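Report on the structure given below.
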Amino acid sequence: MSIFTKIINGEIPSYKVAENDKFYAFLDINPNAKGHTLVVPKKEVNKLFDLDVETYNELMSFSRKIAIAIEKVIPCKRIGMSVIGLEVPHVHVHLIPLQAMEDIQFVKKVKLNSEEFETISKAISSNL
Ligand code: 5GP
């Protein structure tokens, strides 16, 4: 079972942004920028392009809604999207508010306390 499945099942806490029957969105615990969000299909599949096409399309559509909400809440030039998965082998879309190219490069990290995570996740959630 992946760490993200444990998060989806509530066995590990997360700052939830959104959920439906197929997807779960929550804040990345080690964010590149404020508002960095992960969108995960509940179905545990390792690689993005191994998803069935229906789930893939729905993942993109769900991620789009989340990205639009993030952009309303976090001052940024735009929302960047990246799929990597080298650390956690369970498909997840990174949605990252961008000010500069380095924000998408996973080199510069932002430290947030639990109150800030809580405020950001609620703000995005209420703008969906
Ligand atoms: P990737 O697999 O795309 O290379 O990176 C996995 C991402 O998941 C990283 O950005 C990392 O900070 C995030 N991550 C790993 N474990 C947890 C966790 O337990 N909770 C949350 N919220 N994020 C996690």
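Using 0.36 nm per residue of separation minus the Cα-Cα distance, give me the extension gain between residue 61 and residue 43 in nm, one decimal. Spell out each step's value before the answer.
Numbers: separation 18, 0.36 × 18 = 6.48 nm, distance 1.62 nm.
Residue separation times 0.36 nm, minus the Cα-Cα distance, leaves 4.9 nm.
For the Cα atoms of the chain, what angle does the longest principal axis make with the long axis of helix 114-125, in degrees from 0 to 90, nearest 10?
The angle comes out near 70 degrees.
Ratio of alpha-carbon Rg to the 2.2 N^0.38 Å globular estimate for the chain, to two decimals, please. Don't skip to the end; give the middle numbers.
Details: Rg = 13.5 Å, N = 128, 2.2 N^0.38 = 13.9 Å.
Ratio of Cα Rg to 2.2 N^0.38 Å: 0.97.
Select from the stretch 48-83 those trypsin sites (Lys or Arg not before Pro) which occupy a DSSP coil region and have at most 14 other Cβ atoms within 10 Å, ordered by residue number.
Values: sites: 64, 65, 72, 77, 78; in loops: 77.
Hits after loop and neighbour filter: 77.
Extending each Cα 7 Å along its Cβ direction at residue 128 and residue 12, get the distance between those two points in nm, one decimal.
Result for the modelled spin labels: 2.1 nm.
With a Förster radius of 25 Å, plug the Cβ-Cβ distance of residue 109 and residue 86 into 1/(1 + (r/R0)^6) and report the FRET value to the nearest 0.05. List each step's numbers first, then the result.
Numbers: r = 16 Å, r/R0 = 0.65.
Plugging the Cβ-Cβ distance into 1/(1 + (r/R0)^6) gives 0.95.
Defining a contact as two alpha carbons under 8 Å apart and six or more residues distant in sequence, what relative contact order in percent does the chain show?
Details: 216 pairs, mean separation 39.2, N = 128.
Worked out over the chain, it gives 31 percent.
Please check the chain for the longest run free of GluC sites (Glu not before Pro) that are loop-located per DSSP (anything but H, G, I, E, B) and have at most 10 other Cβ atoms within 10 Å.
Working: sites that count: 11, 87.
The answer is 12-86.
When the accessible area of the stretch 39-90 is computed with all protein chains present and a 1.4 Å probe, what percentage of it is carbon and sulfur?
Working: 1730 of 3270 Å².
Answer for the stretch 39-90 is 53 percent, counting heavy atoms of protein chains only.
Any chance you could give the angle, 0 to 90 degrees and rounded to 10, that helix 53-73 forms with the longest Cα principal axis of the chain?
Roughly 10 degrees between the two axes.
The values are calculated or read from the model by the stated rules, or taken from the named source; none is laboratory data. Here the structure is a predicted model, which means the values were calculated and not measured. For neighbour counting, all protein chains shown are included, and Cβ atoms are generated from backbone atoms with ideal geometry for every residue, glycine included. Just so you know, the surface numbers come from the protein's heavy atoms only, side chains and all, with ligands and any DNA or RNA stripped out. Shrake-Rupley method; radii C 1.70, N 1.55, O 1.52, S 1.80 Å.
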